[in-house]
Amino acid sequence: MKKDILIKNGTYNKNHGKVMKWKFREGGFYDPMDIVQVRYEMIKDAGGSGRTIKQVTDEYGYSRASYYHIKDNFDNGGMIALVPEKTGPKSARKLTDDLKEYITKYVEDNPSASSSRIAAEIERNKGITVSKRTVERFRSKKKL
């Protein structure tokens, strides 16, 4: 199913119900669930329709500010810039190299220590709260 493919590749438009442009409503080639297609068509329409940006963005379910951000990204990066970036953290934030080294050494010195115990020791000795699950993920990744 196309929706599953769009979700998997990160191009699913979760606000597809806000797209009111007629060519997306009549079915066929234009798919309001395809965010790249919606963004591209919005940029094209804004450039040559003679209507205001507000009128165009209302039809596509975007704000004026979003349009200018999308247009700037497109002008600087081409079609690939229309694909949304992944949200959320891009890397571990709490487990610094220092903490990773601390956990590794602690496990070497105390091989039977639980992840809960290690997290408690980190908080006690380093003053940083790290969840038991974070320690577990690091240990399994490093096979500690």
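Number of residues in segment 92-106 that are assigned to a helix (DSSP H, G or I) and farther than 16 Å from ARG133 by Cβ equals 7. For segment 119-144, which residues satisfy the criterion of being of a type in the set (S, T, N, Q) and surrounded by fewer than 16 Cβ atoms within 10 Å (Cβ to Cβ)? Listed by number, the residues that qualify are ASN125, THR129, SER131, SER140.
Annotation: of all residues in segment 52-91 being loosely packed, with under 13 Cβ neighbours inside 10 Å and in contact with a helix residue (DSSP H, G or I) (Cβ under 8 Å, 6 or more places away or on another chain), the one that is farthest from SER131 (Cα to Cα) is LYS54. Applying a threshold of 9 Å to beta carbon distances and a minimum spacing of six or more residues, or different chains, the list of pairs starting in segment 34-47 at a residue that is in contact (Cβ under 8 Å) with a residue 40 or more places away in the chain and ending at one that is among the small types (Gly, Ala, Ser) reads ILE35/GLY10. Within segment 13-31, if we keep just the residues that are buried (at least 18 other Cβ atoms within 10 Å of the Cβ) and within 26 Å of GLY88 (Cα to Cα), the residue that is farthest from the chain's Cα centre (by Cα) turns out to be VAL19. Just one of the listed residues (ASP45, ASP34) is over 30 Å from GLU123 (Cα atoms) and either exposed (fewer than 14 other Cβ atoms within 10 Å of the Cβ) or under 17 Å from the mean Cα position of the chain (by Cα) (or both), and it is ASP34. Of the residues making up segment 48-77, just one is at pLDDT below 95 and either assigned to a helix (DSSP H, G or I) or under 20 Å from the mean Cα position of the chain (by Cα) (or both), namely GLY48. For beta carbons closer than 8 Å, sequence separation of 6+ or different chains, a first residue in segment 58-74 that is over 15 Å from TYR40 (Cβ atoms) and a second that is assigned to a helix (DSSP H, G or I) and not polar (S, T, N, Q), the qualifying pairs are ARG64/ILE53; ARG64/LYS54; TYR68/ILE53.
The values are calculated or read from the model by the stated rules, or taken from the named source; none is laboratory data. All figures in this text were calculated on a predicted structure; none of them were measured in a lab. Please note: Cβ atoms are built from the backbone with ideal geometry, for glycine as well, and neighbour counts cover all protein chains shown.
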